[in-house]
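Engineer: Supplied in structure tokens, the structure appears directly below.
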Amino acid sequence: MSSGVEAEIVLDAAVIASLGMNRLLGAGAGAGAKTAEVLAALAEKKAGGRAEALAEVERYERALREVIDRNARIRALGDVRRREHAAVPLPAELEFTGEEEYEALVSWCAAADEALARAESALAEELGRRTARELKTPANRGEDLARVLSRLPHDTAEADRLHVREAAERVAQATTDAEAEAMLTEVRLRVQEAGRNVRAERERLKAWALEQDRLAQAEAERQYILSTITRTFEELGYQVDTGFSTFVPVEGSLLLTRSAWPDQAVRMQLDDSTLRAKMMRTRPALSEDDRRRDAEREREWCDAFEAAKERLREDGLDMELTWRLEPGAEELPLGAQSTSTTTQQKNKPRERRREH
């Protein structure tokens with residue numbers, strides 16, 4: 001091994017899937033139980049059997065996403081129903097417990113789709129009839145207008161809704177049937193335009209939601225990597241600090257120290273999936289003895305890094321080395337002290353004064 005490394009971190013697919021499930025299920029006990037169950041099942045699988053089990057996990061995650069989509073549609077319709085004071089029945093959202101089976105999630109989605117289709121249709125028809133009545137449209141003309149207005153999506157933007165209503169008012173105010181028919185055609189065109197705008201906005205929101213989900217997943221993976229690395233090196237006897245005393249800490253930075261290393265530390269930096277680690281000195285080397293101890297510490301660190309790699313692999317975190325610096329290849333650079341070390345040093349004189 002080496003005293004300086006750069007490595008690409010590759011997360012096991014099971015870890016990625018479990019992190020995604022945790023986010024979708026939430027932070028409750030059900031999420032933890034389901035994830036633990038998934039990881040335990042995958043740990044028992046080998047080769048093809050494990051691939052099959054992972055496919056089941058990914059299928060379950062997709063079903064969770066479908067449920068989340070339906071829940072969002074139910075909430076959106078509920079908002080419109082409250083705003084418009086409309087008496088339209090809606091299905092209840094599905095609250096996750098983490099115990100739901102895949103088949104149950106699929107069945108619920110199918111039933112929710114039917115209920116949502118009925119609710120959306122009923123809501124649109126009610127709002128269409130209400131608008132026709134508010135405009136005091138003559139009976140026959142009113143039925144035709146209500147039917148056209150019922151095609152207006154419930155999530156139409158206010159500007160498009162007003163644009164449609166303006167044409168609808170002209171239908172109600174028309175003095176001849178021919179004029180009313182011409183204006184009804186205009187209403188149809190404006191409803192179609194509003195529908196296109198709604199579909200475009202839905203696609204935009206979908207793309208935004210996908211990007212937010214990608215960012216949230218990336219952050220969950222980053223936090224998993226940092227916490228796993230921290231725990232692993234703490235178990236190997238290192239103190240892990242996230243701050244440095246001589247410069248502003250960079251997000252994803254770790255400083256590893258040991259009580260037996262008064263003059264050396266290891267600085268780590270995680271950027272996306274790239275981990276960089278380098279041993280350094282916390283104060284200048286003043287003698288050949290200092291440099292000899294540096295070489296000893298470098299070899300200790302190399303052994304520890306190899307041990308950490310094996311432990312990390314067991315936690316689904318693999319490292320592919322892309323660069324390394326052999327022990328003793330160069331003098332250790334002077335780097336920052338950990339904030340905890342600095343604080344301890346500052347506190348020592350005060351503690352001694354209290355003892356006298």
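The values are calculated or read from the model by the stated rules, or taken from the named source; none is laboratory data. Since this is a predicted model, take the numbers as computed values, not measurements. Every residue, glycine as well, gets a Cβ built from its backbone with ideal geometry; the counts of neighbours run over all protein chains shown. Side chains are part of the model used for accessible areas, which takes the heavy atoms of the whole protein and leaves out ligands, DNA and RNA. Shrake-Rupley method; radii C 1.70, N 1.55, O 1.52, S 1.80 Å.
Engineer: Collect the residues in the range 151-202 that are open to solvent by 30 Å² or more (accessible area, probe 1.4 Å), of a type in the set (S, T, N, Q) and either closer than 24 Å to L116 by Cα or part of a helix (DSSP H, G or I) (or both), keeping them in residue-number order.
Structural biologist: Correct list: Q173, T185, Q192, N197.
Engineer: Looking only at the range 81-108, filter to residues that are surrounded by 15 or more Cβ atoms within 10 Å (Cβ to Cβ) and free of Cβ contacts under 8 Å to residues at least 24 places away in the same chain; which one of those is nearest to V171 (Cα to Cα)?
Structural biologist: E93
Engineer: When you go through (1) assigned to a helix (DSSP H, G or I); (2) open to solvent by 70 Å² or more (accessible area, probe 1.4 Å) one by one for A209, which number turns out not to apply?
Structural biologist: Of (1) assigned to a helix (DSSP H, G or I); (2) open to solvent by 70 Å² or more (accessible area, probe 1.4 Å), only one is false for A209: (2).
Engineer: In the range 178-195, what residues are touching a residue at least 24 places away in the same chain (Cβ under 8 Å) and of a type in the set (D, E)?
Structural biologist: Across the range 178-195, the qualifying residue is only E193.
Engineer: Return the pair list, or none, for Cβ contacts closer than 9 Å from residues in the range 109-121 that are open to solvent by 50 Å² or more (accessible area, probe 1.4 Å) to residues that are β-branched (V, I, T), at least 6 apart or on different chains.
Structural biologist: Matching pairs, first to second residue: R118/V88; E120/V88.
Engineer: Let me ask something else about it. For S259, only one of the following conditions fails: (1) within 30 Å of L152 (Cβ to Cβ); (2) part of a loop (DSSP other than H, G, I, E, B); (3) of a type in the set (S, T, Y). What is its number?
Structural biologist: The one condition S259 does not meet is (1).
Engineer: Restricting to the range 256-278, what's the tally of residues that are small (G, A, S) and exposed (fewer than 15 other Cβ atoms within 10 Å of the Cβ)?
Structural biologist: Counting residues in the range 256-278 that are small (G, A, S) and exposed (fewer than 15 other Cβ atoms within 10 Å of the Cβ) gives 2.
Engineer: Right, something else. Under the condition of being at pLDDT below 90 and either within 11 Å of L123 (Cβ to Cβ) or assigned to a loop (DSSP other than H, G, I, E, B) (or both), which residue from the range 87-102 is farthest from the chain's Cα centre (by Cα)?
Structural biologist: Filtering the range 87-102 for residues that are at pLDDT below 90 and either within 11 Å of L123 (Cβ to Cβ) or assigned to a loop (DSSP other than H, G, I, E, B) (or both), the one farthest from the chain's Cα centre (by Cα) comes out as A87.
Engineer: When the range 302-335 is examined, which residues are found to be part of a helix (DSSP H, G or I), out of contact with any helix residue (DSSP H, G or I) (no Cβ under 7 Å at 6 or more places or on another chain) and within 18 Å of M279 (Cβ to Cβ)?
Structural biologist: Listed by number, the residues that qualify are C302, D303, A304, F305, E306, A307, K309.
Engineer: Now for a separate question. Give me the pairs, please: first residue somewhere in the range 203-231 and under 22 Å from D155 (Cα atoms), second residue anywhere and exposed (fewer than 15 other Cβ atoms within 10 Å of the Cβ), beta-carbon distance under 9 Å, and either six or more positions apart or on two chains.
Structural biologist: A209/A72
Engineer: Okay, moving on. Residues E56, E120: which one is at pLDDT below 90 and either outside any loop (DSSP other than H, G, I, E, B) or under 30 Å from A157 (Cβ atoms) (or both)?
Structural biologist: Just a single option satisfies the conditions, and that option is E56.
Engineer: If I ask for residues that are at pLDDT 90 or above, open to solvent by 10 Å² or more (accessible area, probe 1.4 Å) and within 18 Å of L256 (Cβ to Cβ), which ones from the range 307-323 would you list?
Structural biologist: Scanning the range 307-323 gives A307, K309, E310, R311, M319.
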